[in-house]
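Undergrad: The structure follows.
What follows is calculated from the coordinates using simple rules that are stated; it is not laboratory data. Model, not experiment: these values are computed from the prediction. No Cβ is skipped: glycine too gets one built from the backbone with ideal geometry, and neighbour counts run over all protein chains shown.
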Amino acid sequence: MNMQASTGNLKQLDQSHYLHPFTDFKDYASRGGRVFSRAEHIYIYDSNGHKMLDGMSGLWCCNLGYSQPAIVEAVTEQMHKLPYYNSFFQCANEPAIELAKALVDVTEERFKHVFFTNSGSEANDTNLRLVTRYYQLQGRPEKKHIISRRNAYHGSTIAAASLGGMKGMHDQTNGLDYVHHIDQPHCYEVGPDEEPNAFGLRVARQLEQKIDELGQDKVAAFIAEPVQGAGGVIIPPDTYWPEIQRICDERDILLIADEVICGFGRTGKWFGSETYGIRPDLMTFAKAVTNGFQPLGGVMVSDKVADMLLSKDGEFAHGLTYSGHPAAAAAGLATLKILREENIISNAAETLAPHFQGRLQQLVDHKLVGQVRGRGMFAAVELVRDKASREKLAPESAGAVFCRNTANELGLMVRQTGDAMIMAPPLVSSTAELDSLVDMLVQALDTTAAHYGI
Ligand code: PMP
């Protein structure tokens, strides 16, 4: 069987049988997609041998790139030793215990407990279960409303889709009626004519208004990503987070930081909460905790919440067959060890991020670029037809889709969200590799400008 034939066959099977996430099934069944076969360092190779620089770290998870034999060995060793056992019924396993401790060690002082899931979505479901129990144990069950933000992404289970603020997902979900949304701190889109810090205060204060509207004794928590990732790498103005923290403190509202993308170095520190100086009561993690090599997520539970849960009798009626899976936990342990011992996060923050953001900032002069925004090792480049009026390049984000497809053909994996090009390269990229990422992006922008006659 030659390579070409086998690829063709695989693609046929893919189109015939495989329903892909967040995909137009009808379109995929007729057009198909790209089958990836292998990866090395920060490069991915499709079944035709086409090499791409992965500017998205997989799906924001392979922060250490793809060549990490220590993680593979840790998982393999664990699979030989104890491939599975559950954490229900007074049972535990060694790597899950060790990973719990390792996570406590890399998070702030007030986090001493962790609940494991398989994914970020399940971790956010777990947050709702924890918050509900926390208030029930205090005899305040009516304190159950959750406030989130429009255009947020918190996962795809029914609870997580409700928490998220994506209209397309809400339209397809019979969601929770106790989740409410306020504006996102996206100045370019929501407050284009406002001074950013004034805008930051204004949208943060929507939280206070929503609490007043619902009644403080009915509101349980506010959930947000330190930097919205999937929504378009939305960097909040400096005034935003301090004001949100003030409101949560004064109004007796739990703060949940969804660190699924921001966690493990993406923003320049271990967690986005540290970068923005916030003190969440619960912290969602997933993705880069295992470098994407095994499915694992969870919630870091602060003393404020844990003390209540641990002080009362009665079971927490929640858990997953694979909560604390030993092989996934082994991957997490090996990943944290590399992050710590190889100074990956500080190196990325001190050397790579300034280089990357500096190169991207030069693109503000490009005729198609309306805004460049970024922090640490992720960024977004907003495309426009006209810089002054911010007129869109094409309806339905077609301009950014064209630019993304062009970049893909050039050998760069980037993502498009709305009219923005999104990048989150691995933290193990070299500065030369980041240059090559930006060079390919510029080429894609030039081709897009020529295509639209600009
Ligand atoms: N929260 C955030 C901030 C995310 O970006 C994601 C995934 N992109 C999730 C939650 C959901 O995680 P998962 O896909 O592992 O369920």
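Undergrad: Given Cα pairs under 8 Å that are at least 6 residues apart, what percent is the relative contact order of the range 74-153?
TA: Working: 21 pairs, mean separation 8.9, N = 80.
Contact order relative to length: 11 percent.
Undergrad: A further question follows. Subtract the Cα-Cα distance of LYS367 and GLU94 from 0.36 nm times their separation in residues, and report this length gain in nm to one decimal. Show your work: numbers first, answer last.
TA: Details: separation 273, 0.36 × 273 = 98.28 nm, distance 5.58 nm.
Length difference between fully extended and current span is 92.7 nm.
Undergrad: Still on this structure: Jot down the radius of gyration and Dmax of the range 70-342, Cα atoms only, both in angstrom.
TA: Just the Cα atoms of the range 70-342 yield Rg and Dmax of 18.5, 60 Å.
Undergrad: In angstroms, what radius of gyration and Dmax does the range 351-454 have, counting Cα atoms only?
TA: Looking at the range 351-454, its Cα Rg and Dmax stand at 12.8, 38 Å.
Undergrad: In debye to the nearest 20, how big a dipole does the chain give about its Cα centre with +1 on each Lys and Arg Cβ and -1 on each Asp and Glu Cβ? Don't skip to the answer; put the middle values down first.
TA: On the way: 42 positive and 55 negative charges, 106 e Å.
So the dipole magnitude of the chain works out to roughly 520 debye.
Undergrad: Antiparallel versus total DSSP beta bridges in the chain: what percent is that, nearest 5?
TA: Numbers: 32 of 48 bridges.
DSSP beta bridges in the chain are roughly 65 percent antiparallel.
Undergrad: Okay, moving on. Set the Förster radius R0 to 30 Å, insert the Cβ-Cβ distance between TYR452 and GLU342 as r into 1/(1 + (r/R0)^6), and round the FRET efficiency to 0.05. Kindly include the intermediate steps, with their values, before the conclusion.
TA: Working: r = 43 Å, r/R0 = 1.45.
For R0 = 30 Å, the calculated efficiency reads 0.10.
Undergrad: Of the listed peptides 6-12, 296-302, 152-158, what is their order by residue-averaged count of other C-beta atoms within 10 Å, with the highest listed first? Walk me through the numbers before you get to the answer.
TA: Details: 6-12: 13.4, 296-302: 26.1, 152-158: 21.3.
My ranking of the peptides, most packed first, is 296-302, 152-158, 6-12.
Undergrad: Also, I was wondering about something else. Taking the mean number of other Cβ atoms within 10 Å as a proxy for protection, how do you rank 437-450, 307-320 from highest to lowest?
TA: On the way: 437-450: 18.9, 307-320: 11.8.
In decreasing order of mean packing, 437-450, 307-320 become 437-450, 307-320.
Undergrad: Here is a follow-up. Using only helices, what value at 222 nm comes out for the chain when you add -39,500 (n - 2.57) per DSSP H run of length 4 or more and divide by the total residues, to the nearest 500 deg cm²/dmol? Display every interim value, and only then the final one.
TA: On the way: 18 runs with 192 residues, N = 454.
Helices in the chain give a 222 nm mean residue ellipticity of -12500 deg cm²/dmol.
Undergrad: Pairs to check: LYS167/LYS392; LYS144/LYS304; LYS269/LYS337; LYS101/LYS144; LYS26/LYS287; LYS143/LYS312. Give those whose C-alpha atoms are more than 22 Å from each other in this structure. Spell out each step's value before the answer.
TA: Working: LYS167/LYS392 20 Å; LYS144/LYS304 17 Å; LYS269/LYS337 16 Å; LYS101/LYS144 30 Å; LYS26/LYS287 29 Å; LYS143/LYS312 19 Å.
Checking Cα-Cα distances, LYS101/LYS144; LYS26/LYS287 exceed 22 Å.
Undergrad: Show me, for the range 80-89, the HN-Hα J-couplings you get by feeding each phi into the Karplus relation (A = 6.51, B = -1.76, C = 1.60, θ = phi - 60°), rounded to Hz, glycine and proline as x.
TA: 6, 7, 8, x, 7, 7, 8, 10, 7, 6
Undergrad: Give the Rg (one decimal place) followed by the Dmax (whole number) of the range 77-228, computed from C-alpha coordinates and expressed in Å.
TA: Cα radius of gyration and Dmax of the range 77-228 are 18.8, 60 Å respectively.
Undergrad: I would also like to ask the following. With θ set to phi - 60°, apply the Karplus curve 6.51 cos²θ - 1.76 cosθ + 1.60 along the range 240-254 and write out the HN-Hα couplings as whole Hz, x wherever there is a Gly or Pro.
TA: Whole-Hz 3J(HN,Hα) from phi for the range 240-254: 5, 5, x, 6, 4, 4, 4, 5, 4, 5, 5, 9, 6, 10, 6.
Undergrad: While we're looking at this one, here's another question. When averaged across all projection directions, what area in nm² does the alpha-carbon convex hull of the range 1-126 cover? Provide the component values of the computation, followed by the final result.
TA: Working: hull surface 47.1 nm².
Convex hull of Cα atoms, orientation-averaged projection: 11.8 nm².
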